[in-house]
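S.K.: Sharing a structure here in structure tokens format.
The values are calculated or read from the model by the stated rules, or taken from the named source; none is laboratory data. For clarity, every value in this text was computed on a predicted model and none was experimentally measured. Counting neighbours? That spans all protein chains shown, and the Cβs are built from the backbone with ideal geometry, glycine included.
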Amino acid sequence: MKRYTFLDAPIRVLGVPHFEEKRVLRRLPEEIANRYCGVLGAWPRVGLRCAGGRLAFRTDSATLRIGVELSTLAPDIGMAIFACQSVNVLVGNYPNLRYAGLVYPAKYENKSFEGVVSKSSRMEDVTLYLPMAELIENVWIEIEDGAAIEAPTPPKHSRPLVFYGSSITEGAHACHPFSAYTALLSQRLSVDYYNFGFSGSAKGQLDIAEYTTTSI
């Protein structure tokens with residue numbers, strides 16, 4: 001098996017602002033999260049977690065082994081572990097993605113976990129929807145020896161959508177991150193997107209308004 005992490009080409013990180021500069025899976029710079037996401041007692045983690053984050057690539061490997069290392073683990077009894085702490089794997093091109101599998105922790109206290117997902121041996125696009133409610137330390141993918149891996153098919157539209165809002169925008173209570181309305185709309189339109197939904201913290205603060213209008 002050949003292993004790649006989220007930092008390795010040709011894997012592309014989507015939905016994470018300024019990833020090529022920062023090289024971390026965080027939605028906001030830490031200094032902004034510390035100021036902005038303290039509203040109503042919300043922990044700055046809300047601004048740093050990776051709602052909308054995805055890994056994308058193409059491969060002809062029929063087997064994918066995927067591993068995840070989380071920095072935090074704070075399950076919410078009102079939210080599915082399959083959305084908040086798991087990786088959902090979809091295969092195919094927008095808008096016709098098909099569900100391939102789920103990689104999830106066997107126990108709620110597990111910060112590190114891995115699993116195997118199967119697909120056809122054709123060269124196909126693969127999209128990994130990342131855990132939406134935790135800080136992510138690492139994600140790795142192993143493909144079969146002899147299999148190829150390529151950059152993903154680019155979206156139809158080059159400019160991404162930017163969503164701003166509170167918990168529903170972030171994806172709260174969706175069974176899977178790809179079934180949040182932000183993800184569904186981007187799939188239908190074949191466009192990348194940034195999810196700036198912050199549970200309990202969407203108050204239109206100047207910091208976040210400036211960041212989303214001038215830095216993205």
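S.K.: For the stretch 188-210, give me the residue count where each residue is closer than 20 Å to VAL13 by Cα, crowded, with 16+ Cβ neighbours inside 10 Å and more than 14 Å from the chain's Cα centre (by Cα).
M.R.: Total meeting the criteria: 1.
S.K.: Please find, within the stretch 92-131, the residue that is nearest to LEU7 (Cα to Cα) out of those that are small (Gly, Ala, Ser) and in a strand (DSSP E or B).
M.R.: That would be SER112.
S.K.: Applying the selection to the stretch 110-124, what residues are in contact with a Pro (Cβ under 9 Å, 6 or more places away or on another chain) and surrounded by fewer than 18 Cβ atoms within 10 Å (Cβ to Cβ)?
M.R.: LYS111, SER112
S.K.: Considering ASN138, ASN88, which residue is modelled with pLDDT of 95 or more, under 25 Å from ARG58 (Cβ atoms) and in contact with a Phe, Trp or Tyr (Cβ under 6 Å, 6 or more places away or on another chain)?
M.R.: Sole residue among the options that is modelled with pLDDT of 95 or more, under 25 Å from ARG58 (Cβ atoms) and in contact with a Phe, Trp or Tyr (Cβ under 6 Å, 6 or more places away or on another chain): ASN88.
S.K.: What pairs come up if the first residue lies in the stretch 85-98 and is over 18 Å from SER121 (Cα atoms), the second is among the small types (Gly, Ala, Ser), and their beta carbons are under 6 Å apart, counting only those six or more places apart or on different chains?
M.R.: Filtered contacts from the stretch 85-98: TYR94/SER190.
S.K.: Among the listed residues SER199, SER190, which satisfies the condition of being farther than 23 Å from GLY92 by Cβ and at pLDDT below 95?
M.R.: SER199
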